[in-house]
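Everything below concerns the one structure shown next.
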Amino acid sequence: VGVIALYDVAGAEYSPREEQLLSLIARQVAGAIRTGLLFEQTQEHALTDSLTGLPNSRYMFIAFDQEAARARAEGNPLTLMLMNIDNFREINDSFGHHAGDRFLMGMARAIRSQLRVCDTCIRYSGDEFVAILPRLAGDEVEQVVERMTEAARDYCMEARPGRPVQVTLSIGYATLPADGEAFASLMATAATRM
């Protein structure tokens, strides 16, 4: 992880006692650094969906609050998009959860590929995804919906040899401030528009 380099400007060698003391200090510092790195990894894992690698619902609330505050301050729209994989349960029932997991991973990549770098794509729960789209409203959102619909329709996975699986995506969205200010009301509006 790192190196501690100490130099004596007088050019004298370190005594065995000084070397022993420096070795003890290095062990303490190394332990503290390791603990810090593990803590950082734990925090990252707590905010990431382990299957898809996308941020999870915990992260979604943090990101929404930050983006909503920025949108209000700058006077820009912020769109919340809700996506649900249609008939996903049939994949699990017909081909098993392993195939369902592979399908979710592929669909997550397909969805993410249609978003801008500044957008946040979240695995909300099960077969639902949420996208937070800063500075996007109206016709631009409709274009994203069309791209998402096409990407979902184009995504195909072979669940078993000769058994391709292809589904559609239901999409609804709501825009701050036109459709509301609070997360819950925006999600409710997006759900009704699906």
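Annotations for the structure displayed:
- Taking the criterion of being of a type in the set (Lys, Arg) and touching a strand residue (DSSP E or B) at 6+ places or on another chain (Cβ under 8 Å), the residues of the stretch 123-152 that qualify are Arg123, Arg135.
- Residues being closer than 14 Å to Met107 by Cβ and either open to solvent by less than 40 Å² (accessible area, probe 1.4 Å) or under 18 Å from the mean Cα position of the chain (by Cα) (or both) - total across the stretch 126-151: 8
- Taking the conditions (1) surrounded by 15 or more Cβ atoms within 10 Å (Cβ to Cβ); (2) over 22 Å from the mean Cα position of the chain (by Cα); (3) more than 18 Å from Arg112 (Cα to Cα) in turn, Met157 satisfies each one other than (3).
- Within the stretch 83-112, the set of residues being within 11 Å of Arg123 (Cα to Cα) and over 14 Å from the mean Cα position of the chain (by Cα) comprises Met83, Asn84.
- Selection over the stretch 184-194 of residues that are in contact (Cβ under 8 Å) with a residue 60 or more places away in the chain, open to solvent by 40 Å² or more (accessible area, probe 1.4 Å) and within 16 Å of Met60 (Cα to Cα) gives a count of 0.
- In the set Glu19, Glu40, Glu67, only one residue is surrounded by 15 or more Cβ atoms within 10 Å (Cβ to Cβ), acidic (Asp, Glu) and in a helix (DSSP H, G or I); that residue is Glu67.
- Of the strands (runs of 3 or more DSSP E) entirely within the stretch 86-194, those holding at least 1 residues that are among the β-branched types (Val, Ile, Thr) occupy 120-125, 128-134, 163-165, 169-176.
- For the stretch 96-115, a tally of residues being open to solvent by 40 Å² or more (accessible area, probe 1.4 Å) and touching a strand residue (DSSP E or B) at 6+ places or on another chain (Cβ under 8 Å) returns 2.
The values are calculated or read from the model by the stated rules, or taken from the named source; none is laboratory data. What you are looking at is a predicted structure, and each value in this text was computed from that prediction instead of being measured. So basically every Cβ, Gly included, is an ideal-geometry build from the backbone, and we count neighbours across all protein chains shown. Heavy atoms of the whole protein, side chains included, go into the accessibility calculation; ligands, DNA and RNA do not. Shrake-Rupley method; radii C 1.70, N 1.55, O 1.52, S 1.80 Å.
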